[in-house]
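K.L.:
To start, I am sharing the structure in question, which I have written as structure tokens.
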Amino acid sequence: MPDGETREPASAPAAVAGDGPDPITVTEASALIRRAVESTGRQRIVGEVSNFSPRQHWYFTLKDQDSQLDCVMWASATAGAACMPANGMEVVVEGVATHWGPRGRTQLVVRRISRRGAGSLQQRFEELCRVLRAEGYFDEARKRPLPPVPRAIGVVTSLHGAALQDVLRTARIRAPFVRLMVVDVPVQGDGAATAVARAVAAIDRRADELGIDAILVTRGGGSAEDLWAFNERPVADAIFSCGTPLVAAIGHESDTTVAELVADRRASTPTAAVMLLLPDREAMQQQVDHLHDRLQFLARRSVLERRKALEAIAARPVLRSARAALDLRAERLRRSEAAMRQASRWRVSAARQRLAELSGRLRAQRPAVRHRAAGQHVQSLAVRLRAAARRVVLDLRRQVDAADRQLRTLGPQETLARGWTLTFGSDGRLLRRAADARPGESMVTRLPDGEVRSRVEGQSGASLFDGA
């Protein structure tokens with residue numbers, strides 16, 4: 001028999017109405033339990049935080065390997081808390097246990113909380129994240145874009161989970177024409193990580209064969225332990241190696257798993273994941289309607305333009321009457337013939353003019369003509385030379401006459417004619433002063449009509465004009 005289990009003796013008499021104390025109501029029993037629980041007084045308890053809900057009041061579960069205890073920390077106490085708990089964090093709380101009758105819940109009312117150290121799950125999560133980040137699992141550059149309109153989506157989740165129902169409902173509303181291929185896997189507990197990894201790898205291998213353009217890995221909310229399968233290395237490796245674009249939506253919006261960090265896109269909920277993967281049917285319908293209207297408009301405009309072109313062609317005379325077409329061609333032929341005649345006449349006239357010009361130039365180059373022209377040119381030059389010579393002789397003659405007149409005007413003969421004389425010494429020198437005459441010297445005085453010879457008797461320094 002298991003420890004702690006009791007079995008009522010077979011010989012025990014059946015309870016008879018009226019035996020023992022009177023029964024009490026549930027409320028009275030709840031009050032007894034509350035007094036008994038609260039009688040334990042204030043306790044300091046160490047444990048790991050799970051299912052933390054960061055609202056105005058803090059609700060969370062404190063657990064160890066074998067047990068768990070619901071806790072609440074009222075807003076009046078959270079304001080002075082030494083730390084804010086997080087899932088996986090190991091904390092020391094101080095509070096009083098109580099029992100709430102309306103819900104039959106026993107919980108610890110926490111007054112103080114402090115961190116003791118990261119819990120084992122949180123430590124494993126952080127260590128795996130550190131390793132995967134160093135290996136490039138979280139790099140944004142390697143993540144693939146999602147297909148705009150997938151043919152089919154492979155969904156890796158539990159057939160019995162609420163997440164699948166959210167996915168199916170949203171897909172029916174948003175894009176019912178996209179196929180969903182669900183692969184049933186356990187999403188928590190032993191073997192869940194291996195099952196999820198195998199499902200992702202299997203879908204990726206057959207994606208082309210099955211027409212699958214994207215994969216969705218999802219499950220609903222839960223505690224850190226419930227979601228732990230998606231924090232295992234096999235799942236991270238399978239998503240990293242997957243060649244098909246993959247979206248992960250694990251737990252609630254506040255939960256973050258390794259699978260979501262490695263995935264090409266993360267969604268806060270299964271519904272949000274479907275909205276990421278599937279196009280909006282109404283938006284697509286609006287786009288189709290717009291394209292339809294645009295196509296109709298372009299078609300009508302094209303038909304109208306071609307109709308106008310056809311009417312213009314039909315209005316041409318060639319299509320209305322064959323005789324008119326022939327007359328038109330004949331008129332064109334006559335115009336062409338006239339143009340050709342005119343062009344011929346113009347070319348003949350131009351050729352004749354050119355020939356006459358060349359003939360004239362040829363005649364001008366004959367020897368007799370050139371000799372006659374040269375003779376005329378020589379005669380013209382001779383006439384011009386004689387005229388130029390006469391002009392030069394006349395100019396020179398006038399210059400000589402002018403020089404002669406000037407010379408006579410300035411010469412001694414003119415001076416003598418005005419009453420002046422020139423006196424020369426015996427040696428032929430011109431006497432310019434009285435002092436130049438030496439006594440006893442013979443002199444020659446030149447007059448206009450001859451010379452007078454004399455001898456110097458003496459000198460006098462008086463001027464000829466002193467008595468004037």
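The values are calculated or read from the model by the stated rules, or taken from the named source; none is laboratory data. Predicted model only: the values in this text are computed from it and were never measured. Positions of Cβ are backbone-derived with ideal geometry, glycine not excepted, and every protein chain shown enters the neighbour counts.
K.L.:
Residues being crowded, with 22+ Cβ neighbours inside 10 Å and of a type outside the set (Val, Ile, Thr): count how many of those fall in region 246-259.
P.N.:
Number of matching residues: 5.
K.L.:
Restricted to region 200-229, and to residues that are buried (at least 19 other Cβ atoms within 10 Å of the Cβ) and among the acidic types (Asp, Glu), which residue is modelled with the lowest pLDDT?
P.N.:
Among those that are buried (at least 19 other Cβ atoms within 10 Å of the Cβ) and among the acidic types (Asp, Glu), it is ASP226.
K.L.:
A further question follows. Taking region 288-312 as the search range and keeping residues that are acidic (Asp, Glu) and surrounded by 10 or more Cβ atoms within 10 Å (Cβ to Cβ), which one is modelled with the lowest pLDDT?
P.N.:
So the residue we want is ASP289.
K.L.:
Only one of ARG390, ARG432 is among the charged types (D, E, K, R), more than 60 Å from the chain's Cα centre (by Cα) and part of a loop (DSSP other than H, G, I, E, B); which? Step through it out loud before you land on a result.
P.N.:
Numbers: ARG390 fails: part of a loop (DSSP other than H, G, I, E, B).
Exactly one of ARG390, ARG432 is among the charged types (D, E, K, R), more than 60 Å from the chain's Cα centre (by Cα) and part of a loop (DSSP other than H, G, I, E, B), namely ARG432.
K.L.:
Is there a residue in region 269-287 that is more than 40 Å from the chain's Cα centre (by Cα) and either surrounded by 10 or more Cβ atoms within 10 Å (Cβ to Cβ) or farther than 14 Å from GLY154 by Cβ (or both)?
P.N.:
no
K.L.:
Okay, moving on. Any residue in region 341-362 that's at pLDDT below 90: show its pairings with residues that are not hydrophobic (A, V, I, L, M, F, W, C) at Cβ separation under 9 Å, as long as the two are six or more apart or on different chains.
P.N.:
Taking only residues 6 or more apart or on different chains, not a single pair turns up.
K.L.:
Okay, next question. Since PRO147 meets every condition but one in (1) without any contact (Cβ under 8 Å) to a residue 12 or more places away in the chain; (2) surrounded by 12 or more Cβ atoms within 10 Å (Cβ to Cβ), which condition does it not meet?
P.N.:
Of the numbered conditions (1) without any contact (Cβ under 8 Å) to a residue 12 or more places away in the chain; (2) surrounded by 12 or more Cβ atoms within 10 Å (Cβ to Cβ), the odd one out for PRO147 is (1).
K.L.:
Let me ask something else about it. Quick one: count up the residues across region 427-441 that are modelled with pLDDT of 80 or more, at negative phi and surrounded by fewer than 12 Cβ atoms within 10 Å (Cβ to Cβ).
P.N.:
Matching residues across region 427-441 total 6.
K.L.:
Identify, from the list ASP190, ASP204, ASP208, the residue that is charged (D, E, K, R), without any contact (Cβ under 8 Å) to a residue 12 or more places away in the chain and closer than 21 Å to ALA229 by Cβ.
P.N.:
Sole residue among the options that is charged (D, E, K, R), without any contact (Cβ under 8 Å) to a residue 12 or more places away in the chain and closer than 21 Å to ALA229 by Cβ: ASP190.
K.L.:
For region 45-58, indicate whether the set of residues that are touching a Gly at 6+ places or on another chain (Cβ under 8 Å), on the phi < 0 side of the Ramachandran plot, of a type in the set (D, E, K, R) and part of a loop (DSSP other than H, G, I, E, B) is non-empty.
P.N.:
No, region 45-58 has no match at all.
K.L.:
When region 179-220 is examined, which residues are found to be under 18 Å from ALA163 (Cβ atoms), of a type in the set (A, V, I, L, M) and not in a helix (DSSP H, G or I)?
P.N.:
LEU180, MET181, VAL182, VAL183, VAL185, VAL187, ALA214, ILE215, LEU216, VAL217
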